[in-house]
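So the structure is just underneath, and the comments pick up after that.
The values are calculated or read from the model by the stated rules, or taken from the named source; none is laboratory data. All values reported here derive from a predicted model rather than from experimental measurement. Ideal geometry is used to build each Cβ from the backbone, glycine not excepted, and the neighbour counts take in all protein chains shown. In case anyone asks, the SASA skips ligands and DNA or RNA and just uses the protein heavy atoms, side chains included. Shrake-Rupley method; radii C 1.70, N 1.55, O 1.52, S 1.80 Å.
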Amino acid sequence: SRGMQPILPVYTEDGEWSGPVGAGFSDRNNPLHMLYIHRNNKNTAKLVFGNIYAEVTPIKNLLFRSSIGLDYTDQHDWWVEEKYQTGFLGRGQNSLRETMGNRMNWTWSNTLAYSLDINTHAFNFLVGMESIKENYHSMIAYKENFALNDDYDYILNLSAGTGLQTAGGTGTGHKLLSYFGKASYVFSDRYLASATLRYDGSSRFGSENQFGIFPAITVGWRINNEDFFNVAIVSNLKLRAGWGRVGNQDIGDVARFGLYRPDYGAMQGTWLGQGTAYDLLGINTGTLPSGYRKVQSANDALKWESTSEYNFGIDFGFLAEKITGSFDYFTRTTEDILINPPIPGAVGEGGNKWQNGATVKTIGFEFVLGYRDRIGDFTYDIMGSVQHFSDEITYLPAAVVRAYPGNVEKTIIGHSQRSLFGYQTDGLFQNQAEVDAHAAQPGKGVGRIRYLDLNSDGKIDPLDQDWLGTSLPKAEIGLNLDLGYRSWSLSVFMQGVAGRKNYDGWSGFSTRVANGMNFGKASLDAWTPNNTGSDLPALSLVNANDEGRSSDMVITNNSYFKVRTIQLSYKLPEQLTQSLRLQGFRLFILGENLVLLKDNKGKDRYWGPDPDTGFGYPLPIAVTLGLNVSF
């Protein structure tokens, strides 16, 4: 635990688990003790997955196919909490929470395909329908006070508990019905075209707009197959273009409904007055009748989110495919983005609802280039890629403005939907004269962060916020290297992103000071009158300057470059494997996440261990030694 005082031992002198005692310690549990008391929690799952199909050819070139697929999961979990006392932390009751759930998804599809070749003309047609249904059901039971605290064969039975007990359950599901058709044409392996039309209906949308129409068309031209094209070094040259529209229904199963919930008690979380029980008879005793409270408003007009895209591309190859690559450019417009925006309190309880919101335009490209060759027994294959895309919100209904960053003067229209909004800073106050000369800033002082007064009104307030970048990278790069020499091979995959900003959740842990908690290591370099060159504010147990607010101090450079995998392998020569009556024998060593480069200096540095995973822990460094043998 990063917040636990390092002077606290794992065990007490008599061998028991230690915990915080007396003043100066925070309420952080011993992390090893927490691992130990949860050592026998169980999670089991039974999975069934399969598909059966039938095919019939009633006439030549006509194929009818019908298939049914099943995906079933049955899950059973036990979560045990032991009672314990470590220092001033403890739990007076043990408990068991048992959860059972099952999910069933079945898919039924029927297609009719017809193909026809006439000289150099090739036609393919397909029509079909598909039906998908998914249901999920769960039950939860909870009970306290088991006589044996650490006998798991005993405590894993709910009937053994004698204390408080509760039960609950939930069920949900959705259906999808689709009709589709596709036609494709190829002429002399030079001209290619295809068109697709889908008509999809989802139970997740309101009765007014359950179905959406999604067409697409693509064309291609293999220039290198033309008679007039006679360039020896060009082994492949193809132009592509397409347009299409796709839909999104990923909003959960109950987004369109008006929802009500019984909350019998008077508390809902930490909020009073949320209970739905009421003493209608005025007897002030016994079981009270319970009503319901509204938690979501219905929207029968909710419809598909749709994305239309134009794309243009070229594939190329030179010198008998020694050099290969492609370039793709696209422009994309997403309309009616599905969102559940926050609402003003004046709307009232349960006034929130799912809506169709913003329109976003996105443009981007991807360039891929590779080279492969051999020199005697040595072979090499190098492939690199660069991607870039940027987006801009072009339309924003008033009802969903509050769901995005910005303020009353600066809305997100014209900016990326992944934009970051906050205060700009200008270093630290070095002396009282600088503090006095600055705009009115509650909490300002020597050694504190100085926030910029962007609108020059003499005070620092929310209207001084501005756009600080986006969490979309300006570029994504990848590089793959494959080398081979006789029976040896080496493969290296590298990847990274550049020009990306994001909130750095680790900065607070790295620089924090707080009573009873472990101080961040970087606090040793905080500003002091003898360390005025630091960009970290002076240590303080009181955050009067609100220095955790959204600003360019906590929104940092999330760019990185990684060597994701390195694999060295040796394969026995075929003659030797045959003499050993083996089909193959391969020995390898694989390293994962061995190298990470990130910004480690200055105000813009990323404090966490791995910007790729955000606030979470880094991807583990792993080395695997393996052997593949086939007989």
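Contact map, the stretch 517-536: first residue within 19 Å of N600 (Cβ to Cβ), second residue open to solvent by less than 60 Å² (accessible area, probe 1.4 Å) and assigned to a helix (DSSP H, G or I), Cβ cut-off under 6 Å, separation 6 or more or different chains; pairs are G520/S510; G520/T511; A522/S510; A522/T511; S523/T511; L536/T511. Being under 30 Å from N248 (Cβ atoms) and either free of Cβ contacts under 8 Å to residues at least 24 places away in the same chain or open to solvent by 50 Å² or more (accessible area, probe 1.4 Å) (or both) is a description that does not apply to G458. May I ask you to list the residues in the stretch 390-424 that are out of contact with any Pro (no Cβ under 7 Å at 6 or more places or on another chain), crowded, with 17+ Cβ neighbours inside 10 Å and among the aromatic types (F, W, Y)? The answer is Y404, Y423.
For the stretch 1-37, filtering for residues that are open to solvent by 70 Å² or more (accessible area, probe 1.4 Å) and outside any loop (DSSP other than H, G, I, E, B) leaves 4. Annotation note: of N40, N94, the sole residue that is in contact with a helix residue (DSSP H, G or I) (Cβ under 9 Å, 6 or more places away or on another chain), in contact (Cβ under 8 Å) with a residue 24 or more places away in the chain, of a type outside the set (A, V, I, L, M, F, W, C) and open to solvent by 40 Å² or more (accessible area, probe 1.4 Å) is N40.
With respect to being out of contact with any helix residue (DSSP H, G or I) (no Cβ under 9 Å at 6 or more places or on another chain) and at pLDDT 95 or above, L63 fits the description. Where strands (runs of 3 or more DSSP E) sit wholly within the stretch 148-258, those with at least 1 residues that are over 30 Å from F316 (Cβ atoms) and without any contact (Cβ under 8 Å) to a residue 40 or more places away in the chain occupy 165-187, 191-202, 211-222. Counting only strands (runs of 3 or more DSSP E) that sit completely within the stretch 513-608, those holding 2 or more residues that are at pLDDT 95 or above and surrounded by 15 or more Cβ atoms within 10 Å (Cβ to Cβ) correspond to 560-571, 584-598. Checking every residue in the stretch 561-569 against the condition of being within 30 Å of F421 (Cα to Cα) and in contact with a helix residue (DSSP H, G or I) (Cβ under 7 Å, 6 or more places away or on another chain) gives zero matches.
Only one of the numbered conditions (1) under 30 Å from F187 (Cβ atoms); (2) among the hydrophobic types (A, V, I, L, M, F, W, C); (3) buried (at least 16 other Cβ atoms within 10 Å of the Cβ) is not met by V127, and that is (3). For the stretch 609-628, filtered to residues that are open to solvent by 60 Å² or more (accessible area, probe 1.4 Å) and hydrophobic (A, V, I, L, M, F, W, C), the residue that is farthest from the chain's Cα centre (by Cα) is L627.
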